[in-house]
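Comments concern the structure below.
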Amino acid sequence: ELSLAGMLSYEQIGRTGSLTPRKTTHFWELHKESDIPYNEMLFFDDCNWGDHCADVTNEYGVISQRTPSGMTLDEFHKGLEKYRTESIRRAAPHKDD
């Protein structure tokens, strides 16, 4: 049976180990453990009391999608579309090149 959890190689949930309330710590740990570039990561966050998405995007360039009502299919698709759009933008030749 196919599941989202079965497709993930790495995850950082909660505040275990060296994790802190700041999601930037989670992404630093993920990057260190996986060697996946930050700009190839997609982050979904359902936090309603802070903007963790802006934190990790501003700090590391992680593509993120807020999910204030939890993960819905619509929010999942929005996140994938952001990732696709940003990936195309990053791959496009720059005018200064």
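The values are calculated or read from the model by the stated rules, or taken from the named source; none is laboratory data. Because the structure is a prediction, the values reported are computed rather than measured. For the accessible areas, the whole protein counts, side chains as well, though only heavy atoms, and no ligand, DNA or RNA atoms are used. Shrake-Rupley method; radii C 1.70, N 1.55, O 1.52, S 1.80 Å.
Suppose accessible area is computed on protein heavy atoms with a 1.4 Å probe; arrange Asp45, Asp51, Asp74, Asp35 from highest to lowest.
Working: Asp45 15, Asp51 65, Asp74 90, Asp35 120 Å².
Highest to lowest solvent-accessible surface, that is Asp35, Asp74, Asp51, Asp45.
Straight-line cross-link partners of Lys78 among the lysines, defined as a Cα under 26 Å from its Cα and at least 8 positions apart when in the same chain: Lys23.
Using alpha-carbon pairs under 8 Å, 6+ residues apart, how would you state the relative contact order of the range 47-97 in percent? Provide the component values of the computation, followed by the final result.
Numbers: 24 pairs, mean separation 14.0, N = 51.
Answer for the range 47-97 is 27 percent.
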